[in-house]
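The block underneath contains the structure these notes are about, expressed in structure tokens.
Derivation of every value follows stated rules applied to the coordinates shown; laboratory data play no part. What you see is a predicted model; the values in this text were computed from it and never measured. Cβ: placed from backbone, ideal geometry, glycine included. Neighbour counts: every protein chain shown.
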Amino acid sequence: MDSNQLAQDDFERAYRRGFWRKLSTWLTGERNELLPFDTVRARLPFQGQHYIGLQQVKIEQIVGSVGRYRDFDRAFLPRQERTRGRWINVDSAHYDDIILPPVDLFKIGDIYFVRDGNHRISVAREQGQDFVDAHVTEIDVPVQLTPDMDMAELELKSEYAAFIEQTGIDELRPQSKIELTLPGEYERLLEHISVHRWYLGEGMGEEVPYEETVASWYDNVYTPLVELIIKNKLLDHFPDRTEADLYLWIIEYEWFVREAYRNEYSFQVVSHKFRERFANSPSRKLVNKLKKSGWVDNLIMEQEKLEFYGRTGFRESVPEASIDITLPGQYSKLLEDIDVHRWYLGEEQGQEVSFPEAAVSWYEDVYSPLVEFIRTLDILGEFPGRTETDLYIWILQQQAKLRRIYGENISWEVAIENMMAQKK
């Protein structure tokens, strides 16, 4: 049998295998398409390209093509009858021991795209070769791509690359690895960084550079929570997710819990709202795990305390201040209290008062007098495990409640008496 006939038989066999592979992957949902180079290239931030020479490339790492991605499947089996002639010519050359020139590839991450030589790779793979000689040009992008990726995973990598490009996190913190498994979530991480920037700016009284914000967010918000996730082995319960997924969900869960404390929602309502928000995540299981984890409440309070001291600037302006709260969602009430005080100060002075300035005035003229009164009455012992700041908030809440009922100002003494009566 001559080489041409052998090559024709090889093509028929490869073509049939391609058909059955197509049917099998359709039934199983496995990946079977080559990745289109232009689409992949367009979705990733381009940082340059350079020729890296003639190399031996593992054929299984070649998973895409510049222009022929519809002619072959992921295993480089022929899918189109029109490829027959060229395929047979290349295979015949193989039988006749004719040495063909190396193929030409683009490399992105750990995967390769055929620039020239699709038929040569298809034939080489059919003949059982594991490697192929190739001229390789590497495309520089900020994320790693692997041969098992499909277009959905590529989309996530694209979002991650955009996140890296906008934040510069790969240069600010080279050890960082912030990978999410659901599309559209990196935008929410960017929102978290923007909120953190606002809090930093409020605390410093000036705009904070974006790079400084990103580093602070990573060091003071993201990393501590990830360390808690690792310490509590939370990922063991969600094996298909990442630390970044759980970070994002826990931060959002924190927000719902704060709303529960602030607005007196039941945790059934909180759980329902959270599950609605994260319909594509294992939200019910996550809520159950978090409700049983005391560290989540502690984390919420630590984050709130950090935000509170950042906005008020008390670390510098009132270093002796010790404002500790034992329930989540309460520091925001203090910030609201300071904001009201700020408005009154502005009315008195006829000009706008900065938040840190109003916070110092609030501490000296509003907070401290009531705390001194609490100490004079020596009632903290009646509330084991609570703090003076807890009592400060509860007394103000009692005042507001009684004022709504009776329509007049209520003294501290009356508010405390009512609070103590309810305790009994």
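Can you sort Ser122, Ser92 from fewest to most other Cβ atoms within 10 Å of each residue's own Cβ? Walk me through the numbers before you get to the answer.
Working: Ser122 28, Ser92 19.
In increasing order of surrounding Cβ atoms, one gets Ser92, Ser122.
Using the basic label-point model (7 angstrom from Cα toward the beta carbon), what is the Trp26 to Glu179 distance in nanometres?
3.2
Starting from 0.36 nm per residue, how many nanometres of slack lie between Arg70 and Glu206 once their C-alpha separation is accounted for?
That works out to 43.4 nm of additional length.
May I ask you to evaluate 6.51 cos²θ - 1.76 cosθ + 1.60, the Karplus curve with θ = phi - 60°, for each residue of the stretch 106-118 and list the ³J(HN,Hα) values in order in whole Hz, giving x for glycine and proline?
Result, rounded to whole Hz: 9, 10, 10, x, 9, 10, 10, 10, 7, 8, 8, x, 4.
FRET efficiency for Arg84 and Gln47, Cβ-Cβ distance as r, R0 = 41 Å, nearest 0.05?
Numbers: r = 40 Å, r/R0 = 0.98.
Calculated transfer efficiency: 0.55.
Going by C-beta contacts inside 10 Å, put Arg403, Arg21 in order with the fewest on the left.
The fewest-first ordering by Cβ neighbours comes to Arg403, Arg21.
Rounded, prolate or oblate for the stretch 3-149? Axes are the square roots of the Cα gyration tensor eigenvalues, ordered a ≥ b ≥ c, and the cut-off for rounded is a/c under 1.5.
oblate
In whole Hz, what ³J(HN,Hα) sequence does the stretch 349-357 give by Karplus (6.51, -1.76, 1.60; θ = phi - 60°), x for Gly and Pro?
Per-residue couplings from phi come out as 8, x, 7, 6, 10, 5, 4, x, 5 Hz.
Under a 5 Å amide H to amide H cut-off, with H placed in plane at 1.01 Å, what residues pair with Glu179 once short-range neighbours are removed?
Result for Glu179 returns Ala244.
For the chain, give me the percentage of DSSP beta bridges that are antiparallel, rounded to the nearest 5 percent. Numbers along the way, then the final one.
On the way: 16 of 27 bridges.
Here the antiparallel bridges make up roughly 60 percent for the chain.
What number, rounded to the nearest 500 deg cm²/dmol, is the helix-based mean residue ellipticity at 222 nm of the chain, given -39500 (n - 2.57) per DSSP H run of at least four residues and division by all its residues?
My calculation for the chain gives -18000 deg cm²/dmol from helical runs alone.
For the pair Tyr344 and Ser317, how long in nm is the line joining their label points, each one 7 Å along Cα→Cβ?
Between Tyr344 and Ser317, the label points sit 1.6 nm apart.
Using modelled backbone amide H atoms (1.01 Å from N, in-plane), which distant-in-sequence or interchain residues come within less than 5 Å of Glu33's amide H?
Amide H neighbours of Glu33, under 5 Å, 5+ apart: Arg74.
Relative contact order of the chain, please, whole-number percent, based on alpha carbon pairs below 8 angstrom and at least 6 residues apart.
Values: 497 pairs, mean separation 45.7, N = 424.
Answer for the chain is 11 percent.
If you plug each phi of the stretch 156-169 into the Karplus form 6.51 cos²θ - 1.76 cosθ + 1.60 with θ = phi - 60°, what whole-Hz ³J(HN,Hα) values come out, in order, with x for Gly and Pro?
So the Karplus estimates, Gly and Pro as x, are 5, 4, 4, 5, 5, 4, 5, 4, 4, 5, 6, 8, x, 5 Hz.
Filter the cross-link list Lys58/Lys177; Lys22/Lys233; Lys157/Lys233; Lys58/Lys157 down to pairs whose alpha-carbon distance in this structure exceeds 30 Å. Let's see the in-between values first.
Details: Lys58/Lys177 27 Å; Lys22/Lys233 40 Å; Lys157/Lys233 26 Å; Lys58/Lys157 23 Å.
Pairs exceeding 30 Å: Lys22/Lys233.
Rank the residues Lys305, Lys157 as a footprinting-exposure proxy: fewest other Cβ atoms within 10 Å of their Cβ go first.
With the sparsest Cβ surroundings first, the list reads Lys305, Lys157.
May I ask for the distance between the Cα centers of the stretch 127-152 and the stretch 1-17, given as a whole number of Å?
28
Given the alpha-carbon gyration tensor of the chain, what are the semi-axes of its equivalent ellipsoid in whole angstrom, ordered largest first, with each equal to the square root of 5 times an eigenvalue?
On the way: eigenvalues 862, 104, 46 Å².
Square roots of five times the eigenvalues give 66, 23, 15 Å.
Kindly state, to the nearest 0.05, the FRET efficiency for Thr376 paired with Ser194, given R0 = 60 Å and r defined as their beta-carbon distance.
0.85
How would the stretch 147-204 be classified by its alpha-carbon gyration tensor: rounded, prolate or oblate, with rounded meaning a/c under 1.5 and the a/b versus b/c comparison settling the rest?
prolate
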